[in-house]
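Chemist: Just dropping this structure here.
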Amino acid sequence: MFYRLCMLVIASLSVNGCAGLGYLGSAVLSPPQKVMVQSEGFGELELYSFDTGPSPSQAIFFISGSGCASLRFFLKRYFTGLPEGYRIYALQKSGVDAMNTGANCSDQFHRSNTIDQLIARNGAALTAVKAQFGGEFVAIVGVSEGGVVSAPVAVANPQIPNLIIIGAGAMTFREELSILARQRGREDELTAALANVEITPKSIDERFMGMPHLYLTSMLDFDPLPHLLASKQRVLFVHGEKDESVPLASARVAAEALSRDSSRKVVLEIVPGANHVLVNEEGDQKVDIMRKLPVWMNVADQGALQ
């Protein structure tokens with residue numbers, strides 16, 4: 001049973017690195033701390049938090065990717081390699097219980113899992129934890145879906161100096177799907193599927209690629225670029241060279257658009273040979289990226305992640 005649950009975690013999170021039983025074991029034996037906060041508009045929100053060392057003086061707000069897996073299973077593992085001195089906060093999605101592996105998502109999750117709700121809930125959660133934490137928030141980190149959500153959240157928090165976007169860019173989801181469909185010779189299939197979404201746009205039972213129509217309707221034409229341009233942060237884009245979930249072109253468009261403002265610090269770090277979760281033939285590259293991240297965040301004239 002323990003092994004089977006570990007396999008479910010791998011399948012549902014698409015996060016490479018469940019080394020034997022360590023991935024699930026850390027979630028059970030050494031989970032991040034659950035934090036309940038009061039927020040305006042949403043009442044009580046559930047977050048998870050952990051410290052990378054004793055007495056952290058700086059905090060990072062993390063916005064996770066798609067799906068209904070509990071942060072308990074992957075939050076600490078995602079930041080493996082990050083040095084001491086940081087507290088990580090992340091919002092648990094609505095309708096997700098502590099031990100949800102992501103294999104089965106609740107109707108509550110599907111009803112609330114829209115781009116507008118994701119932006120609003122994460123914004124409210126960040127406001128609440130900023131008031132709670134005694135130190136400085138130094139970055140918003142968004143991965144995949146969370147990278148899209150992070151842009152408008154960053155606009156509302158200009159005092160946070162860094163925005164790190166991993167596996168996301170500045171194209172709409174519709175544009176990204178079109179690129180991927182052309183690469184795979186499946187344009188007709190995509191056209192038919194999106195036409196079906198328009199017939200039942202609010203359905204949580206009708207799905208395409210496992211995503212309910214309600215979610216797709218909210219995401220397809222949301223444009224992150226105006227939010228990125230309105231943000232004030234230094235921005236680091238990290239993208240796998242061989243990402244087959246979000247095309248690298250989306251990150252290139254984002255970096256090029258922001259770089260037109262010569263006063264801004266913008267870096268696009270392409271991970272050679274890596275997929276959507278930054279794994280290549282040499283292994284999981286997130287560890288090395290997290291190890292180097294403080295240098296990039298704290299040095300304004302740093303030209304690359306090194």
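The values are calculated or read from the model by the stated rules, or taken from the named source; none is laboratory data. Please read all numbers here as calculations on a predicted model, not as lab measurements. Backbone-built Cβ (ideal geometry, glycine too); neighbour counts: all protein chains shown. Ligands, DNA and RNA are excluded from the accessible area calculation, which covers all protein heavy atoms including side chains. Shrake-Rupley method; radii C 1.70, N 1.55, O 1.52, S 1.80 Å.
Chemist: If the elastic network links every pair of Cα atoms under 10 Å, which of S70, S203, S150 fluctuates the most in the Gaussian network model of the chain?
Modeler: S203
Chemist: Where in the chain are the helices, taken as whole DSSP H runs, whose Cα atoms extend 24 angstrom or more along the long axis and whose Kyte-Doolittle mean reaches at least -0.5? Let's see the in-between values first.
Modeler: Values: long enough: 115-132 (26 Å, 0.35).
Those that clear 24 Å and a mean of -0.5 are 115-132.
Chemist: To continue, here is another question. Tell me whether the range 201-306 comes out rounded, prolate or oblate; compute the Cα gyration tensor, take square roots of the eigenvalues as a ≥ b ≥ c, and use a/c under 1.5 as the rounded threshold.
Modeler: Since a/c reaches 1.5 but b/c is at least a/b, the shape of the range 201-306 is classed as oblate.
Chemist: Determine the calculated [θ] at 222 nm for the chain from helices alone, applying -39500 (n - 2.57) to every DSSP H run no shorter than 4 residues and normalising by the residue count; nearest 500 deg cm²/dmol.
Modeler: -12000 deg cm²/dmol
Chemist: Same structure again: Could you state the principal axis extents of the C-alpha atoms in the chain, from the largest down, to the nearest angstrom?
Modeler: 53, 51, 44
Chemist: Then there's this: Students often forget the sequence filter, so: which aspartates and glutamates lie under 18 Å Cα-Cα from K202 once same-chain residues fewer than 8 apart are removed?
Modeler: Filter leaves D107, D116, D221.
Chemist: Which three numbers, in whole Å and largest first, are the semi-axes of the equivalent ellipsoid of the range 150-222 derived from its Cα gyration tensor as √(5λ)?
Modeler: Ellipsoid half-lengths, sorted descending, are 28, 16, 9 Å.
Chemist: Measure off 7 Å from each Cα along the Cα-to-Cβ vector at Q183 and E136, then give the distance between these two points in nanometres to one decimal.
Modeler: That separation, rounded to one decimal, is 3.8 nm.
Chemist: Can you tell me which of S263, S64, S94 moves the most in a GNM of the chain? Springs connect C-alpha atoms under 10 Å apart.
Modeler: Checking each option, the largest mean-square fluctuation is seen for S263.
Chemist: Using a 1.4 Å probe on the protein chains only, how many percent of the accessible area of the chain belongs to carbon and sulfur?
Modeler: About 50 percent, which is the carbon plus sulfur part of the accessible surface.
Chemist: Do any of K34/K292; K265/K286; K265/K292 go past 20 Å between their Cα atoms, and which?
Modeler: Checking Cα-Cα distances, K34/K292; K265/K286 exceed 20 Å.
Chemist: So what J values fall out for the range 232-239 if you push phi through Karplus, 6.51 cos²θ - 1.76 cosθ + 1.60 with θ = phi - 60°, rounded to Hz, Gly and Pro as x?
Modeler: After applying 6.51 cos²θ - 1.76 cosθ + 1.60, I find 10, 6, 5, 10, 10, 9, 10, 9 Hz.
Chemist: Give the separation of the Cα centroids, the range 33-78 to the range 199-256, in Å.
Modeler: The distance from the Cα centre of the range 33-78 to that of the range 199-256 comes to 22 Å.
Chemist: For the chain, report the accessible area per residue in Å² (1.4 Å probe, heavy atoms, rounded to an integer). Display every interim value, and only then the final one.
Modeler: Numbers: 13660 Å² over 306 residues.
I get 45 Å² per residue for this part.
Chemist: Using a Gaussian network model on the chain with a 10 Å cutoff between Cα atoms, which of I165, I289, I63 fluctuates the most?
Modeler: I289
Chemist: A further question on this structure: Counting other Cβ atoms within 10 Å of each Cβ, which chymotrypsin sites (Phe, Trp or Tyr not before Pro) in the range 26-94 have at most 14 and sit in a DSSP loop?
Modeler: Hits after loop and neighbour filter: nothing returned.
Chemist: Percent relative contact order of the range 230-291, based on C-alpha pairs within less than 8 angstrom and at least six residues apart?
Modeler: Numbers: 87 pairs, mean separation 24.0, N = 62.
Worked out over the range 230-291, it gives 39 percent.
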